Structures are given as C-alpha cells and as structure tokens.
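Trainee: This structure is in structure tokens; I'll ask about it shortly.
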Amino acid sequence: MLSGRDGTDGQERKVEVGKIVAPHGVRGEVRVIRLSEFTEQVNGTPRFYVDGRGWLAVESRRFHKQFILLKFTGVNDLDAAGELKGRLLFLSRGQIGDLPAGRYYIEDLIGLEVLDLSGAPLGQLTEVLPTGGNDVYVVKMAGRKDLLLPALKTVVRETDLSGRRMVVAPPLWEKD
C-alpha cells in the first residue's frame, strides 16, 4: 500500500531508495541495498541524492548478488568510496513519477486521523512498520496501547490524503 520513506532538501522532496553498505573493490564502486519498491527507477536513474553529499552522477552500475554496484563520478578509489558507507540514497519524487492508485508515500500517511467504519476516531497514524508481507500501521490511541493495523484492503477501507484521514475496519482482535 505504500512506497519509500520521504525526505526533503530545501524545497525538493525526495524518497529514500537505497543505502550504501560498503565499498566494492579499489576503483570507487559502492555496494547498495535497495530500501524501496522503486526498482525500475533505481536501476535507471542517472543520479542519486546521497545523504550529506548532495546529488552525485552515476558513472556506471552493475548487479552483484543482492546488491547494486554503483560508481559515482568523482569517487575514484577505495578511500572515497569508504566515506560513503552508511549513507542513504534518495530520488526526487519527480524522478519516480506518480504512484499507482492505492499506493502512498509514508510521509503522506504519517499524521492521518484514523477512524473506524462508523466514523468514530481511533487515533493518529504515527508509524509504518515494513514487515515483508504487508506493512503495519501504528495508530496512537489516547489513553490506550497503540493499535497495530495490517495495511490490507480488507482493513484500510479509505485513505483521504487531502482530508488527512483514514477509515479502517479493525480486525476483531484489535477492538478490545
């Protein structure tokens, strides 16, 4: 139901798509793990925003096991590549384009008022937990423990970003 974390740099909104986990070899390549579903955009983009370094142009890319190996222009040796270890990679929302219907950026979901089917307020969506199968929405409820909702169409009935609300049908075990 959602895709990628969102960050900002000045006025341009960006989405987290990967993380540099290590240098690869001695010629400046880095190993990147994907952190989003934007495989096509990550595989084809000519540049990434590298956290703390700004926009870096991709000189070359190739795949090795579960990693993307990237060579950035100006990163030409092991030491320079090592300085990028642990940094997050972002794409601008413009590079990604419109999301398909029913998919949302995490940043856009955080803070939504969550209502049940009768319109009664349950709380506010405060966090999204990726679990592999489907994400889980964390709803902060006043005076009660957090409500955990699977991000499934059978549970999440309506998402109204402009109205800043989400209507859900909580599973029976969550109604206590």
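Trainee: Pairs please, first residue from region 131-147 and among the basic types (Lys, Arg), second anywhere and in a strand (DSSP E or B) and surrounded by 14 or more Cβ atoms within 10 Å (Cβ to Cβ), Cβ atoms under 7 Å, 6+ apart in sequence or on different chains.
Mentor: Lys140/Gly123; Lys140/Gln124; Lys140/Thr126
Conditions tested, residue by residue: (1) surrounded by 18 or more Cβ atoms within 10 Å (Cβ to Cβ); (2) of a type outside the set (Asp, Glu); (3) in contact with a helix residue (DSSP H, G or I) (Cβ under 6 Å, 6 or more places away or on another chain); (4) in the same structural domain as Met166 (by TED's automatic domain parsing).
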{"site": "Arg61", "(1), (2), (3), (4)": "no, yes, no, no"}
{"site": "Lys71", "(1), (2), (3), (4)": "yes, yes, no, no"}
{"site": "Gly74", "(1), (2), (3), (4)": "no, yes, no, no"}
{"site": "Leu78", "(1), (2), (3), (4)": "no, yes, no, no"}
{"site": "Gly82", "(1), (2), (3), (4)": "no, yes, no, no"}
{"site": "Val128", "(1), (2), (3), (4)": "yes, yes, yes, yes"}
{"site": "Gly133", "(1), (2), (3), (4)": "no, yes, no, yes"}
{"site": "Tyr137", "(1), (2), (3), (4)": "yes, yes, no, yes"}
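Trainee: Scan region 165-173 and tell me whether some residue there is exposed (fewer than 13 other Cβ atoms within 10 Å of the Cβ) and either touching a Cys at 6+ places or on another chain (Cβ under 7 Å) or of a type outside the set (A, V, I, L, M, F, W, C) (or both).
Mentor: If we filter region 165-173 for residues that are exposed (fewer than 13 other Cβ atoms within 10 Å of the Cβ), which is where we start, we get 172-173.
In the following step, the residues that additionally are either touching a Cys at 6+ places or on another chain (Cβ under 7 Å) or of a type outside the set (A, V, I, L, M, F, W, C) (or both) were identified as none.
Taking every residue of region 165-173 in turn, none turns out to be exposed (fewer than 13 other Cβ atoms within 10 Å of the Cβ) and either touching a Cys at 6+ places or on another chain (Cβ under 7 Å) or of a type outside the set (A, V, I, L, M, F, W, C) (or both).
Trainee: Mind checking which residues of region 81-107 are over 24 Å from Gly44 (Cβ atoms) and in a helix (DSSP H, G or I)?
Mentor: Gly82
Trainee: Take the residues in region 102-142 that are of a type in the set (D, E, K, R) and within 21 Å of Arg13 (Cα to Cα); name whichever of them is nearest to the chain's Cα centre (by Cα).
Mentor: Top of the filtered list is Glu107.
Trainee: How many residues, within region 27-79, are of a type outside the set (A, V, I, L, M, F, W, C) and either in a strand (DSSP E or B) or touching a residue at least 60 places away in the same chain (Cβ under 8 Å) (or both)?
Mentor: At the first step, the residues of region 27-79 found to be of a type outside the set (A, V, I, L, M, F, W, C) are 27-29, 31, 34, 36-37, 39-41, 43-47, 49, 51-54, 59-62, 64-66, 71, 73-74, 76-77, 79.
Checking which are either in a strand (DSSP E or B) or touching a residue at least 60 places away in the same chain (Cβ under 8 Å) (or both) leaves us with 29, 31, 34, 47, 49, 54, 59-62, 64, 71.
Here the count works out to 12.
The values are calculated or read from the model by the stated rules, or taken from the named source; none is laboratory data. No experiment lies behind these values; they were computed from the predicted model shown. Virtual Cβ from ideal backbone geometry, glycine too; neighbours counted across all protein chains shown.
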